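Read through the structure below, which is laid out as structure tokens, and then see the notes.
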Amino acid sequence: MSPEALANCITGWQKAKGRNDLPWQLHNDPYHVLVSELMLQQTQVKTVIPYFERWLQTFPTIEALASASEDEVMTLWQGLGYYRRARNLHAAAQKVVRDYQSEIPRSAAELKEIPGIGPYTVGAIRAFAFDAPAAIVDGNVKRLFARLFALPYEVNKSTNDRYFWQLAEHFTPARDNRRFAQGLLDLGATICKPQQPLCALCPLAKVCQALQLGKVNALPKRQQKKAIPTRKGHFLLDVSARGIVLEQRPASGIWPTLWCLPEVAQAPDAQLWTRFRHTFSHYKLDGHVWLATPPGNGTTRRIACHQLDEVGLPAPIRKLLQQLIASEVCNQQD
DNA sequence: GAGGCGTGGCA
DNA sequence: TTGCCAAGCCT
């Protein structure tokens with residue numbers, strides 16, 4: 001299939017059937033594209049939309065974001081996960097304001113040096129913000145190519161990325177790449193889905209190798225990943241009418257810089273308040289919450305219940321504290 | 001270059 | 001309930 005033929009097919013389909021009303025598509029604003037692309041890394045569109053809306057209300061411009069405090073940024077990002085992205089986005093805004101007079105650069109070389117912008121996001125910003133002929137390769141694109149050409153490469157093995165990038169660059173059109181790139185993502189997300197793809201609605205059905213060979217459900221190939229372990233975690237709950245003791249987590253590791261119940265290495269000699277389970281990408285947490293007073297070091301604060309919305313909390317911790325507040329305490333006085 | 005890094009949607 | 005996997009990046 002010629003690059004022109006594939007581009008025409010995908011852009012024609014995108015115009016008629018693709019997603020053209022997503023909130024970050026309304027103005028093709030480079031700042032909007034930057035924010036959305038960082039949020040969309042490993043995160044579904046439906047999850048991102050409300051975060052993106054709140055983000056633009058709070059930080060309407062890249063200058064507003066650059067001058068925000070780290071706490072404001074983390075509070076707004078709470079619940080979205082992969083928190084390093086928030087720190088990267090904050091640092092990216094500051095770099096663009098300082099080094100590029102607040103104008104997001106267009107070149108791949110300059111974009112690549114901005115925190116949080118890797119190979120995919122370089123292409124996405126060039127394509128979506130500037131309509132430049134830059135290739136993108138993400139999970140959607142790899143799955144679509146793997147099926148279209150019946151490729152045997154495992155899509156979750158980083159050493160195979162070069163094959164997909166080579167294909168993506170070969171097929172990237174010189175004109176109208178914004179729509180072509182969007183079409184690749186839309187096709188992957190809505191038609192060429194991982195499970196139960198809608199081949200009857202696919203504009204590429206006649207040329208899809210996987211479909212001809214009856215391999216749609218066997219592709220893309222994936223390298224088997226090993227089972228994730230379970231770890232125990234011990235958290236201390238110290239609650240009074242004056243609030244709950246929280247501790248800011250270190251900048252590395254899980255939940256960086258978020259506020260959390262103080263975590264200790266071993267179970268204390270105390271009363272168990274509750275347990276909870278939480279699944280991360282790479283391990284399961286068997287959480288224990290003990291009624292105990294944490295050792296007060298410099299990173300702990302007692303935070304009133306009505307002020308909990310003002311700090312960034314990990315999703316499972318926020319749920320626990322909501323339970324706590326609904327059940328008792330805090331309501332006593334204030 | 002393999003593993004760390006979140007959370008939720010959806011079968 | 002469980003498992004899969006998502007508009008990846010960084011070290």
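Observations
- Selection of helices (runs of 4 or more DSSP H) fully inside segment A:39-89 by the criterion of at least 1 residues being within 14 Å of DNA strand B (Cβ to nearest atom) and of a type in the set (A, V, I, L, M) returns A:45-58, A:70-77.
- Options A:166, A:101: the member that is surrounded by fewer than 18 Cβ atoms within 10 Å (Cβ to Cβ), within 23 Å of residue A:27 (Cα to Cα), more than 14 Å from DNA strand B (Cβ to nearest atom) and not hydroxyl-bearing (Ser, Thr, Tyr): A:101
- Residue match in segment A:114-128 (condition: in contact (Cβ under 8 Å) with a residue 12 or more places away in the chain, farther than 17 Å from residue A:40 by Cβ and open to solvent by 40 Å² or more (accessible area, probe 1.4 Å)): no
- All positions within segment A:252-270 that are farther than 17 Å from residue A:315 by Cβ and either in contact (Cβ under 8 Å) with a residue 60 or more places away in the chain or near DNA strand B (Cβ under 10 Å from one of its atoms) (or both): A:252
- Condition check for residue A:238: among the charged types (D, E, K, R) and within 24 Å of the chain's Cα centre (by Cα): no
- Filtering segment A:65-98 to residues that are hydrophobic (A, V, I, L, M, F, W, C) and open to solvent by 30 Å² or more (accessible area, probe 1.4 Å) leaves A:76, A:91, A:97.
- Residue count for segment A:22-74, restricted to those that are of a type in the set (Gly, Ala, Ser) and within 11 Å of DNA strand C (Cβ to nearest atom): 1.
- Segment A:37-58: number of residues that are free of Cβ contacts under 8 Å to residues at least 24 places away in the same chain and either open to solvent by less than 10 Å² (accessible area, probe 1.4 Å) or not assigned by TED's automatic domain parsing to the domain that holds residue A:118 (or both): 1
- The sole residue among A:251, A:267 that is away from DNA strand C (no atom under 16 Å from the Cβ), farther than 14 Å from residue A:144 by Cα, in a loop (DSSP other than H, G, I, E, B) and open to solvent by 40 Å² or more (accessible area, probe 1.4 Å) is A:267.
- Look at (1) of a type in the set (Asp, Glu); (2) closer than 30 Å to residue A:220 by Cα; (3) more than 16 Å from DNA strand B (Cβ to nearest atom) and you find that residue A:138 fails only one, number (3).
- Test: residue in segment A:173-183 that is over 16 Å from residue A:125 (Cα atoms) and polar (S, T, N, Q): no
- For segment A:287-310, filtered to residues that are under 28 Å from the mean Cα position of the chain (by Cα) and at pLDDT below 95, the residue that is farthest from DNA strand B (Cβ to nearest atom) is A:307.
- Single unsatisfied condition, residue A:327 versus (1) surrounded by 13 or more Cβ atoms within 10 Å (Cβ to Cβ); (2) within 22 Å of residue A:242 (Cβ to Cβ); (3) hydroxyl-bearing (Ser, Thr, Tyr): (1)
- The residues in segment A:1-22 that are assigned to a helix (DSSP H, G or I), buried (at least 16 other Cβ atoms within 10 Å of the Cβ) and in contact with a helix residue (DSSP H, G or I) (Cβ under 7 Å, 6 or more places away or on another chain) can be counted, and the count is 6.
- Within segment A:271-294, the residues that satisfy the criterion of being farther than 22 Å from residue A:79 by Cβ and either touching a residue at least 24 places away in the same chain (Cβ under 8 Å) or not assigned by TED's automatic domain parsing to the domain that holds residue A:239 (or both) are A:273, A:288, A:290, A:291, A:292, A:293, A:294.
- Flag if residue A:101 is in a helix (DSSP H, G or I) and polar (S, T, N, Q): no
The values are calculated or read from the model by the stated rules, or taken from the named source; none is laboratory data. This structure is a prediction, so every number in the text was calculated from the model and none was measured. Cβ sites come from the backbone with ideal geometry, for glycine too, and all protein chains shown count toward neighbours. Calculation scope for accessible area: heavy atoms of the full protein, side chains included, ligands and nucleic acids excluded. Shrake-Rupley method; radii C 1.70, N 1.55, O 1.52, S 1.80 Å.
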